[in-house]
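The values are calculated or read from the model by the stated rules, or taken from the named source; none is laboratory data. If you're wondering where the values come from, they're calculated on a predicted model, not measured in any experiment. Don't worry about glycine lacking a Cβ; one is built from the backbone with ideal geometry, like all the others, and counts go over all protein chains shown. Surface areas here come from the heavy atoms of the whole protein model, side chains and all, with no ligands, DNA or RNA. Shrake-Rupley method; radii C 1.70, N 1.55, O 1.52, S 1.80 Å.
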Amino acid sequence: MPEPRATPVDETSVRDADLRAELEAARGSPEFPDILRYLVARQAMRDRGEGAPVATTSPDDPEVRDADLRERLARYIADRRFYSMIREQVVREQQARDAKARHLASLGPLARRREEVRDALDAELTDADRYHLHSVLALCGLPYKKPPEGESDYVREYGRSSLVVQAGFLKDPNSGKMVKQGLPYGPKARLLLLHICTMAVRQNSHEIEVADSMSAFIRELGFDVTGGPRGTITQFKEQLHRLAAARMQIGLWRGNKTTTISTQPIEAFEVWLPSHPDQRVLWNTKLYMDEKFFRTLKEHALPIDIRAVRAFANSAKQIDILLWLVYRLRHVERPLSLSWDNLKQQFGRDVTSRDRKFRQSFADDLKHIQEVYPNLRLQVSEKGVIFHPTDGKALLAPQKRALKRP
């Protein structure tokens, strides 16, 4: 005689928030039907006022060590019908976590950061992760390395866009004299510009509220706060001084019409920073962006997923390659082939090595980016690189809404 079929259960019968959370956590697992029946029974007991006994302490199980997994297992101690099944599932998850931790521990710091970012990108993009940068700054970039002493002009061209950066002066509060600052350069300057442009877009204003201590400001950029001559405090302080003093000209060309915008992106900012990291960075926690720069930023703001940028936070060149890919590949409908000469003009401006060494370096940079974005399709050859059409969601942080004018 055949066994009677189990009575179907309706998951809408599970109403309490904590039980619904358990249900969603189990969804998609092989044990889901059994867990659903168990949670329906627990809901029915609650409805009858028969509170099911639940363990208040984590089970003493040496194979389950993570606090959240021990807590999850503890919920089922009172019901031996399901405990063994849930324990098997929890132990498998603990083993997977342990294997992942061992793998990450075997990697170098940069490779580990890239893999952690790749895992983070599986989560849905949030508003906090959506950053913006002026597209001309994304395409033309800044110097990769510290320019030679006394060099105060930097000129970059990319297609129809042009960028000129000129070093400026800041007033030293100790001596009262104007002191020449160098050109901004490297990954820290790029991250600062990303942060400043993002705050302006989010707040829809050229008056930007920012963190009121150096420590908070650095942490917002995703870095640990460290002191000393080579610490993050000193590095960010130097680049913030350089950016605050810098003047820029942005050139835009549309057919027979050209526009040149002369601007100082940071118009007013109390930036001669104190040596102690927790002293206030700003006079009143406000940064004032030049209004002309703000207007053109709103028209040319490139949305970027900051989680990916942070994976390459130690390499100005890799940041520039990523930003360039975000800009170019969002509209590519057929393979885009670029020669090594073209790529070196774009990304080899500060590279003094021979062509072959640049090719190897650039190919390595692309491999690192593919570690974070495995769906990025490209081919590297002796002639250059072919970039194949890529789903915009794979690289681009979608624009949430059109920017409104204040």
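Using a probe radius of 1.4 angstrom, the carbon and sulfur fraction of the accessible surface of region 118-274 is 48%. Looking at region 103-155, the trypsin sites (Lys or Arg not before Pro) that sit in a DSSP loop and have at most 13 other Cβ atoms within 10 Å of their own Cβ are LYS145. Taking each of LYS257/LYS292; LYS188/LYS383; LYS100/LYS367; LYS145/LYS292 in turn, the alpha-carbon distance tops 23 angstrom for LYS188/LYS383; LYS145/LYS292.
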